[in-house]
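Below is one structure, written out as structure tokens, with a few remarks after it.
The values are calculated or read from the model by the stated rules, or taken from the named source; none is laboratory data. As the structure is a computational prediction, the values presented were derived from the model and not from experiment. Heads up, the Cβs are rebuilt from the backbone with ideal geometry, glycines too, and the neighbour counts pull from every protein chain shown.
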Amino acid sequence: MDHEQDAEQIIALYHEGADVWDSQRQRAFIERHWLERLVRLIPARGEILDIGCGAGVPIAEYFLRQRFRVTGIDASEAMIARCRQRFPRARWQVVDMRALALQRTFHGLIAWDSFFHLTREHQRAMFPRFARHAEPGAALLFTSGPGDGEVMGTFLERPLYHASLDHAEYRQLLAANGFQVRMQVTEDASCGGHTVWLAQRASP
């Protein structure tokens, strides 16, 4: 089934539901141990790009408290407005990740529960963008589905699109763009069943 239209509704859905999502998101911080793994791979107080940052809590907040310099992007103006209000010293931009082109590089990149809302074709196109924004040795952390396919969840009682490539293709795309997988767990029971990838770009 073609879910292209459902995927295109994601931005409007999160913009409309910003209050609801923000309230729900603040109730749990199950991904902390994965953020700690990313932090161990990058320089202290380095620069981190949060791709699909939402309202900034808890992920950007965690990095800021660890004294990293954070740039957050999200396609929802409502989400970015919350980030700017909460953390005015960080950098926040309204950007669709499919058009990500900041002309800067970072020590860490994270796309937690955001990248997997893209269609599979748009996901493939993200890996060169990750590479263009990554310093040598930069760490990349993202979540995917457990296998190739499209899945519909719900948010605000409306369809919420998710997609994933198979693991072999993710590994191929990472390698082709200069990243080596450091850790990968499918349906991590310690993290609410998330499928998580931690990779690192090669150093010269």
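Hey, among F115, F179, F130, F142, which residue is in contact (Cβ under 8 Å) with a residue 40 or more places away in the chain, crowded, with 21+ Cβ neighbours inside 10 Å and touching a Gly at 6+ places or on another chain (Cβ under 9 Å)?
Going through F115, F179, F130, F142 in turn, the sole match is F115.
Which one is surrounded by the most Cβ atoms within 10 Å (Cβ to Cβ), of the residues in the stretch 145-174 that are in a strand (DSSP E or B) and of a type in the set (A, V, I, L, M, F, W, C)?
Here the answer is A163.
Quick check on G153: is it within 19 Å of R120 (Cβ to Cβ), touching a strand residue (DSSP E or B) at 6+ places or on another chain (Cβ under 9 Å), without any contact (Cβ under 8 Å) to a residue 24 or more places away in the chain and not aromatic (F, W, Y)?
Judged against the criteria, G153 is a match.
Would you be able to say whether some residue in the stretch 80-92 is touching a residue at least 12 places away in the same chain (Cβ under 8 Å) and of a type in the set (S, T, N, Q)?
The answer is no, given that none of the residues of the stretch 80-92 is touching a residue at least 12 places away in the same chain (Cβ under 8 Å) and of a type in the set (S, T, N, Q).
Report yes if Y170 is hydroxyl-bearing (S, T, Y), in contact with a strand residue (DSSP E or B) (Cβ under 8 Å, 6 or more places away or on another chain) and touching a residue at least 40 places away in the same chain (Cβ under 8 Å), otherwise no.
no
Can you tell me which residues in the stretch 184-195 are of a type outside the set (S, T, N, Q), touching a residue at least 12 places away in the same chain (Cβ under 8 Å) and loosely packed, with under 14 Cβ neighbours inside 10 Å?
Selection gives E187, G192.
Given the criterion at pLDDT below 95, in a helix (DSSP H, G or I) and within 14 Å of D113 (Cα to Cα), identify the matching residue among W34, W21.
W21
Evaluate the following for G72: is it modelled with pLDDT of 95 or more, over 20 Å from Q24 (Cα atoms), of a type in the set (G, A, S) and assigned to a strand (DSSP E or B)?
It is false that G72 is modelled with pLDDT of 95 or more, over 20 Å from Q24 (Cα atoms), of a type in the set (G, A, S) and assigned to a strand (DSSP E or B).
Of all residues in the stretch 83-107 being in contact with a Phe, Trp or Tyr (Cβ under 9 Å, 6 or more places away or on another chain) and either modelled with pLDDT under 95 or assigned to a helix (DSSP H, G or I) (or both), which is surrounded by the most Cβ atoms within 10 Å (Cβ to Cβ)?
In this case the residue turns out to be C83.
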